[in-house]
1. Where residues in the stretch 33-88 are β-branched (Val, Ile, Thr) and within 16 Å of the ligand (Cβ to nearest atom), which of them is farthest from residue 155 (Cα to Cα)?
2. Provide a single number: the residues in the stretch 174-216 that are farther than 22 Å from residue 275 by Cα, buried (at least 24 other Cβ atoms within 10 Å of the Cβ) and within 14 Å of the ligand (Cβ to nearest atom).
3. Between a residue in the stretch 123-146 that is on the phi > 0 side of the Ramachandran plot and any residue that is part of a strand (DSSP E or B), which pairs come within a Cβ distance under 7 Å, given they are 6 or more apart or on different chains?
4. Which condition does residue 68 not pass, out of (1) surrounded by 17 or more Cβ atoms within 10 Å (Cβ to Cβ); (2) in contact (Cβ under 8 Å) with a residue 60 or more places away in the chain, if it passes all the others?
5. Take residue 158 and decide whether it is of a type in the set (Val, Ile, Thr), out of contact with any helix residue (DSSP H, G or I) (no Cβ under 8 Å at 6 or more places or on another chain) and surrounded by 21 or more Cβ atoms within 10 Å (Cβ to Cβ).
6. Which one of 386, 372 is buried (at least 19 other Cβ atoms within 10 Å of the Cβ) and among the small types (Gly, Ala, Ser)?
7. Output the number of residues of the stretch 15-32 satisfying the condition of being among the aliphatic types (A, V, I, L, M) and within 16 Å of the ligand (Cβ to nearest atom).
8. If the requirement is being of a type in the set (A, V, I, L, M) and farther than 18 Å from residue 280 by Cα, which of these qualifies: 64, 60, 49?
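The values are calculated or read from the model by the stated rules, or taken from the named source; none is laboratory data. The structure displayed is predicted, hence computed values, not measured ones. Ideal geometry is used to build each Cβ from the backbone, glycine not excepted, and the neighbour counts take in all protein chains shown.
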Amino acid sequence: MNTPDWKALRQEFPTLRNWIYLDSARKSIPPRCQALAMEAYTRDVYENAGADAWAATNVAETRALLAEVLGAKPGELAFTRNTTDGLNIAAHGFELKPGDNIVLTDMEHMANVWVWKHWEAKGVEIRHARNRGGRLPLEAFRERIDGRTRVVSTAYVTYGNGCRVDLPELGALCRSRGIRLVVDGVQGAGILAAPLSALNADVVAIGGHKGLFGLTGSGIVYCREDLVDELKTSFVRPPEAANAPRAKAHAISQFDYVRTAHRFEAGNPNFLGIRVLRAGAEFLRSIGLQQIENRVRDLTSACLRLLDAAGLETRTPAEWRERAQIVNVVVPDAAGLMDRLREKHRVVVNVKDDALRLSVSFCNTKEDIEKAVSAIRAEMSHRTAAAA
Ligand SMILES: Cc1ncc(COP(=O)(O)O)c(C=O)c1O
């Protein structure tokens, strides 16, 4: 495995000329290929009346490319609007009965809470696996699962402290008990190298604007091949291309829908968003997901060491197998500190669950992290001095 030229790759991100950007878990900054893809789209509409921009073949090729990069079959991927959209497809797709239960975790993003809420009015209980000091080991799920559990829905990597769930292990447990595993995969996709097909998940929802380097308003949902038929959906997509005689609405039964995950799509796709997703997937493929994962592991490990040396507290698990690109820092008035870091030091971070959240991408360097941690230290000492 040749090491990518990280220095050259960093040049692909114009934002980094002006900012120390450690907020990729919110939105990834656009690499230049994103701008080029948008320009090419517009140019084609102006000069070619959209022959390429609106071509169904581009959509099919992008699906195939994403399947290759993320380790799935093209028929298992549907284009969506975002993570929430994908989770919503799953949350309305199962037939549950009063007395059944759904297990979430107590560290979910709101998106993976609210999509399930409608079940409560139908007599289905929603339970939460409880974290152990910021970790979600198998035991946390096992103790909440019982004979009436039908679905477990969890983040791959939690949005706050960046705890990574061992999905293959959890998926095996779920499968052995006939439980469906739904995953909010947006904080892992494009960063962790394991193929989607190896996660033992039934559904994985992924927004496009983080690790996949797409636009907001674009995303994909993975649905395991043999589950596609079982999920209920309000969408009905004809089984053939739009101009095929069988696809004419009056000629077929509404139940004769397409037998792949494409059935979760309806109407015109987001052609521009899909074109950008394609550029992002080509970019990821040119670097290699294993290389990206290794780089993110090294950067976040350096970050944890620096925080420790500075005496700063984190709730991010120490072991790489239990974390990913996110490291949090527990400080008083995290929101005030975030603003100071941005205004005074040009360091962009976020605040989640009252803690500062730093999230890295392969385009970051160890220097970015050193600068951010020393800016945090400087601001903390400034506060101490002001309080004295
Ligand atoms: C873990 C997680 N799930 C869901 C979301 C919401 O994603 P989307 O806007 O793609 O629906 C986010 C962040 O934005 C997130 O971090």
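1. The first filter runs over the stretch 33-88 and keeps only residues β-branched (Val, Ile, Thr), leaving 42, 45, 57, 59, 62, 69, 80, 83-84.
With the extra rule that they be within 16 Å of the ligand (Cβ to nearest atom), the set shrinks to 80, 83-84.
Working: 80: 18, 83: 11, 84: 12 Å.
Here the answer is 80.
2. 4
3. Close Cβ pairs satisfying both conditions: 134/163.
4. Residue 68 satisfies every listed condition except (1).
5. Details: of a type in the set (Val, Ile, Thr): yes; out of contact with any helix residue (DSSP H, G or I) (no Cβ under 8 Å at 6 or more places or on another chain): yes; surrounded by 21 or more Cβ atoms within 10 Å (Cβ to Cβ): yes.
Spelling it out, residue 158 is indeed of a type in the set (Val, Ile, Thr), out of contact with any helix residue (DSSP H, G or I) (no Cβ under 8 Å at 6 or more places or on another chain) and surrounded by 21 or more Cβ atoms within 10 Å (Cβ to Cβ).
6. Values: 386 fails: buried (at least 19 other Cβ atoms within 10 Å of the Cβ).
That would be 372, the only listed residue that is buried (at least 19 other Cβ atoms within 10 Å of the Cβ) and among the small types (Gly, Ala, Ser).
7. Keep residues of the stretch 15-32 that are among the aliphatic types (A, V, I, L, M), which gives 16, 20, 22, 25, 29.
Next, from what is left, pick out any that are within 16 Å of the ligand (Cβ to nearest atom): 22, 25, 29.
Result for the stretch 15-32: 3.
8. Working: 64 fails: farther than 18 Å from residue 280 by Cα; 60 fails: farther than 18 Å from residue 280 by Cα.
Within the list 64, 60, 49, the selection yields 49.
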